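A quick write-up on the structure given underneath.
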Amino acid sequence: SGPMFANTLPPRYSAEDAKSYLSFKLGAFAAGNGVSSLRRNYESPLWLLLATTGVVLFIACANLANLMLARATVREREVAVRLAIGASRGRIVRQLLAESLLLATIGAACGAALAVWLSQFLVGFLTTDSNRIFVALSLDWRIFGFAAALALATCLLFGLLPAIRATRTPPGAAMKAGSRGSTDTRERFGLRRVLVITQVALSLVLVVGALLFVRSLRNLTMLNPGFTQDGVVIASLDLRRTGIASEQLPPAFEQITARLAGLPGVQAAAQAVIVPVSGSGWNNNILVDGRKQKEHPNFNAVSADYFRTLETPVLLGRAFDDRIDHARAKKVAIVNESFVKKFFADRNPIGQAFQIEEPPGAPRPLYEIVGVVKDTKYTDLREPFGPIGYFPPAQGDPKDMSPFIQVVLRSNAPLTTVTS
């Protein structure tokens with residue numbers, strides 16, 4: 001609770017930050033169904049996939065029911081003979097139900113085996129070297145129970161009706177109709193027509209849904225993210241085992257980037273703390289003319305050739321320059337179009353300055369805007385363009401340097417060659 005921790009807050013917290021912190025609540029969740037990033041990312045698509053699968057199952061069951069109705073029509077003379085020699089109606093229904101149950105059991109067993117293989121394939125498809133996904137896919141009684149219940153339900157729903165339908169015709173009428181070579185009438189075809197219409201209607205729903213998915217995928221692939229995606233390789237390196245002190249990391253990063261830029265087939269290379277559309281983020285509140293802004297922009301630290309590497313146009317001013325924007329120089333920043341529209345809409349942004357909100361007592365240096373670049377996507381492709389500020393890594397605090405480095409490479413050679 002808030003009062004419990006009120007006396008343990010660091011003194012650097014502002015009154016607003018302290019109030020926000022004390023409003024946090026501690027939650028406890030069951031491990032089996034508690035907090036899960038996998039559920040957050042994939043729950044909605046999986047529910048949609050389950051609904052689509054249910055529609056496909058219903059179409060398949062309706063198709064089988066239609067076939068079984070046609071088969072029952074053909075077997076009417078056989079059923080009539082069985083009834084004539086003393087077989088009860090219930091016994092014949094049980095026989096036809098047993099046949100449909102056999103089909104349902106075979107289908108459920110094949111479906112369960114296919115589900116296990118497809119689940120493993122799906123997890124393997126979503127797993128990458130940098131983002132491993134671990135999901136327990138072992139079979140248990142709940143899976144078998146679900147498959148068995150589904151098989152039984154489909155058997156009763158779509159197998160019982162043809163069985164009852166086959167025993168409704170009086171034996172004498174069936175024998176006379178069979179002798180004329182035709183047993184189907186307008187009334188007999190009615191149910192089969194309904195099943196066919198249902199299949200066509202549900203199939204049309206699936207086709208429309210598939211077209212919408214294809215359209216969404218096309219829109220995402222045709223979307224302009226503000227940078228050129230083709231020909232880009234991301235190299236992520238961990239320098240923790242090198243023993244390099246944090247103060248020496250900036251020159252080491254520059255040397256690594258320069259060596260990667262000199263590889264055959266590499267046109268340009270640049271450092272980036274946040275790789276676009278990677279899901280990572282860095283944001284904070286800013287102050288313009290000493291006033292705190294309501295919306296907090298995203299930030300990134302990138303080296304001089306970053307915009308040339310991603311082919312993001314510089315619209316105003318200049319890009320970063322290692323000879324000018326060094327650690328002892330005046331702190332500078334490059335912002336995007338949305339940043340200008342949000343915070344400097346009524347003036348020329350070049351030469352304007354802003355501050356990043358820091359805890360009380362901490363320095364708040366001014367960052368002078370030296371360039372404006374085109375809007376780019378930050379976290380993912382679906383998000384709207386938002387304000388982004390870029391800083392040169394050389395002007396960061398060496399004590400806060402991370403031993404991790406990400407280098408963005410642009411190449412005109414095959415990417416497999418560049419990766420090796």
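The values are calculated or read from the model by the stated rules, or taken from the named source; none is laboratory data. Bear in mind that the values here come from a model prediction, so they are computed numbers and not experimental data. Positions of Cβ are backbone-derived with ideal geometry, glycine not excepted, and every protein chain shown enters the neighbour counts. Each accessible area value is taken on the protein alone, full model and side chains, heavy atoms only, with ligands, DNA and RNA left out. Shrake-Rupley method; radii C 1.70, N 1.55, O 1.52, S 1.80 Å.
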Relative contact order for the chain, counting Cα pairs under 8 Å that sit 6 or more residues apart, in percent: 19
Cβ-placed point charges (K, R +1; D, E -1), dipole of the chain about Cα centre in debye, nearest 20: 2340
Lys294 paired with Arg193, simple spin-label distance in nm, labels 7 Å along Cα-to-beta-carbon: 6.2
Net length gained if the chain between Ala31 and Asn412 were fully extended (0.36 nm per residue, minus Cα distance): 132.4 nm
DSSP H segments from the chain that extend 27 Å or more along their own axis, Cα-based, with Kyte-Doolittle mean of 1.0 or above: 89-126, 141-166, 186-222
Accessible area of the chain divided out per residue, in Å², using a probe of 1.4 angstrom: 63
Within the chain, helix-based [θ] at 222 nm, where runs of 4 or more DSSP H residues each add -39,500 (n - 2.57), nearest 500: -16000 deg cm²/dmol
Portion, in percent, of the accessible area of the chain that falls on carbon or sulfur, probe 1.4 Å: 61
Distance (nanometres) between label positions extended 7 Å along Cα→Cβ at Phe125 and Asn219: 2.2
Most positive-pole-ward Cα, Phe354, Ala210, Thr242, against dipole of the chain from beta carbon charges: Ala210
Long-range amide H partners of Gly389 with built H, under 5 Å: Asn298, Phe299, Asn300
Cβ-placed point charges (K, R +1; D, E -1), dipole of region 1-149 about Cα centre in debye, nearest 20: 500
Sequence-distant aspartates and glutamates (8 or more away, or on other chains) whose Cα lies within less than 18 Å of Lys292: Glu16, Asp17, Asp346, Glu357, Glu358, Glu368
Residue (of Tyr306, Phe253, Asn285) at the positive-pole extreme of region 179-332, dipole from beta-carbon charges: Asn285
Label point distance in nm, Arg132-Ser88, each placed 7 Å from Cα along Cα→Cβ: 6.2
Packing-based order for 198-210, 404-416, 27-39, using average beta carbon neighbours within 10 Å, highest first: 404-416, 198-210, 27-39
Correct choice for Rg/Rh (Cα atoms, Kirkwood Rh) that was computed from the model, options (1) 0.96; (2) 1.19; (3) 1.00: (2)
FRET E, pair Leu114, Arg328, Förster distance 60 Å, beta-carbon r, rounded to 0.05: 0.40
